[in-house]
1. Output the residues belonging to region A:30-54 that are modelled with pLDDT of 85 or more and of a type in the set (S, T, N, Q).
2. Those residues that are away from every other protein chain (no Cβ under 14 Å), surrounded by 17 or more Cβ atoms within 10 Å (Cβ to Cβ) and of a type outside the set (Phe, Trp, Tyr), I need them from region A:68-84; list them, please.
3. Run B:GLN335 past the list (1) farther than 13 Å from B:ILE406 by Cα; (2) touching a residue at least 40 places away in the same chain (Cβ under 8 Å); (3) buried (at least 18 other Cβ atoms within 10 Å of the Cβ) and report the number of the one that doesn't hold.
4. Being open to solvent by less than 50 Å² (accessible area, probe 1.4 Å) and touching a helix residue (DSSP H, G or I) at 6+ places or on another chain (Cβ under 9 Å) narrows it down to one of B:SER174, B:SER213, so name that one.
5. Can you name every residue in region B:398-423 that is out of contact with any strand residue (DSSP E or B) (no Cβ under 8 Å at 6 or more places or on another chain) and touching a residue at least 24 places away in the same chain (Cβ under 8 Å)?
6. Going by the structure shown, is B:ARG216 out of contact with any His (no Cβ under 9 Å at 6 or more places or on another chain) and closer than 22 Å to B:LYS153 by Cα?
7. Would you be able to tell me the number of residues in region A:21-41 that are assigned to a loop (DSSP other than H, G, I, E, B), open to solvent by 40 Å² or more (accessible area, probe 1.4 Å) and within 12 Å of chain B (Cβ to nearest Cβ)?
8. Every residue in region A:47-58 that is open to solvent by less than 70 Å² (accessible area, probe 1.4 Å) and touching a helix residue (DSSP H, G or I) at 6+ places or on another chain (Cβ under 8 Å), please.
Amino acid sequence: MGDKIGVACIIDDDSVYVNLVKRIIEAKQLCKNLLVFENGKNALNFFEAILTNMNQESIPDIIFLDLNMPVMDGWEFLAQFTRIKNRFGKIITLYIVSSSINPLDIKKAKSISTVTDYLIKPITITELESIFSMA
Amino acid sequence: MLQNELFNKVMQEFNTGYWELRGDPYREIWSDRFYEILGYSKKDIQSDLDFFLENLLHKEDVEVFRDNFLNYKNNQVNFKQHIKIRNHQGNYQLFRCATNNELPVNIKSEVSIVFFFEIKLEPDQTIKKDNFYYKETAQMTATGSWYVDFQKKESYWDFETYRILEYPDDYIPSLKDSANYYTEDCRQLAADCFFKCAMAGTPFNTEIKMMTSTKREFWARAIGKPMYNESKEIIGIRGVFQDIDDIKRKEIKLQKSVDIIAGQNSRLFNFAHIVSHNLRSHTSNLSLLVQLIEDIDEPKEKEELIKEVKTISSNLNTTIEHLNEIVTIQTNNKQERVSVKFKDALKLVVDGISHMINNSHALVDSDFSELKEIKYIPAYMESILLNLITNAIKYKHPDRDPIINIKTYIEGKKKYLKISDNGRGIDMRLFKDKIFGMYKTFHYNEDAVGIGLFLTKNQVESMDGTIKVESVVDEGTTFIIEF
């Protein structure tokens, strides 16, 4: 295994899901640090703050983004994030993780270059492990 | 050419006289059989329309035949007509005149043809009988004939037209009054049809709303075609009105049902998506939880995880309750509408949430003077008012007490309910399409569930209404319901 992932980030409003993933990541020691935002707006505020203070340490290597969220949903976050993603000085891998099986959502997500892949909930522990080992 | 062979065969079988219409040169070719039936030889008569109209055709039939023939020649309008033609002995023989559409379907002719099928009459079978059939047909099919003469500037109606349009027998129809025969929204169409027919000779066949002398409106099929004189100028329009009100009303009703079904279908589809999505989020959590429980060896940690099942199951219950509420709306819309007074419905709602109103120092102002009541399902009216008022209070502006204005009004024929507040507003640029979506919330409130507006929209739409929203951030939000 290569370098372990430093910071992972989950953007999701489903607290049950977030808790479960958190437990898996801790149990499997998949990364050192895990950031959780309950909607796109909070996450975007965080990323914009990084740009002003350039704290390299806290820039996530990987993002798991939900689509259906209050205040700012996954699509809006993607649009905003795509505009600033090149200014972080490192590659941030982004996965959409959603329970939507609507083919239109999947097609739309895959057409956005910022998105590495579209994962349909439920994700499995094995899936999570392999994603973290690839990144 | 095979086509031609087939055609010739058919012509032989018909064993009838016919004319072939040629565009270039502009003349008719009369078949040998045509001469033969009437006992003429080619030298006896001149084979053109003018000669035919003047010398061979019975005077009674001339005008109608001329119109039919020219219409057929110029506009390819097929026709059928009974005519009497004078034979070599000076007697009249009866013929049924018909055109290309009499040909068997698999035979197509590039030229236009007029057939003359001879009809052998018993001595006492006269045209009078024809007249009887005509009258019978007109009455049974509710078809009135009419005719406008441009030269005499007069209009004529037959008995059935008088009956359909409910005018007394001594009424004299006139072009000047013709606007009165059509409903206001159809007058332009009627004028266009007549004008095109009169100027360009374009026949018309259209569905139109007509009006009787007693202002009763009904749907009619209006058919008209130009009439020509000897020098082939348009001198009038002849046509029929058929009362098709029953059929048309059924058609309109049917279209309405189709629209309603399409609307229901789309709501159902939407609902299926919602069910699928909302249930999936819980089942996928459950599946993830099971994986985790299996993966962990520590018994204590396992026990802790099992508690999570409780959370998931309670979330699942909430979701199913929400879905139930939506299903209830879909089935409730068959409930009978009763007269609902806005004032009473509002009082009920305001009394129910008086605690919330007092705590937030909200002011609810209402004006129902323009529209006091409406036929509605009372529970929906209360639910709609409750949702919109509590929303206005929940999302009040942090710097001021909420003021909620409720007003009903009528615009045109439509009835409206408007609820506006001075709250923090919704960013329409971001949320325009999502405001009425399920589980969409736009603010950071802890108690935002995202079900209220979704239910409101469903209730309004299930009663065939619409709901619209206008909002400016920091100024307020206005909901307008059209009933």
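1. A:ASN33, A:ASN39, A:ASN42, A:ASN45, listed by residue number.
2. Hits for region A:68-84: nothing passes.
3. Going through (1) farther than 13 Å from B:ILE406 by Cα; (2) touching a residue at least 40 places away in the same chain (Cβ under 8 Å); (3) buried (at least 18 other Cβ atoms within 10 Å of the Cβ) one by one, B:GLN335 breaks only (3).
4. None of the other options fit; the residue is B:SER213.
5. Once the filter is applied, which keeps residues that are out of contact with any strand residue (DSSP E or B) (no Cβ under 8 Å at 6 or more places or on another chain) and touching a residue at least 24 places away in the same chain (Cβ under 8 Å), region B:398-423 yields only B:PRO398.
6. So B:ARG216 does not fit the description; no.
7. Total meeting the criteria: 1.
8. Within region A:47-58, A:PHE47, A:ILE50, A:LEU51, A:SER58 qualify.
The values are calculated or read from the model by the stated rules, or taken from the named source; none is laboratory data. No experiment lies behind these values; they were computed from the predicted model shown. Backbone-built Cβ (ideal geometry, glycine too); neighbour counts: all protein chains shown. For accessibility, only protein heavy atoms count, side chains too; no ligands or nucleic acids. Shrake-Rupley method; radii C 1.70, N 1.55, O 1.52, S 1.80 Å.
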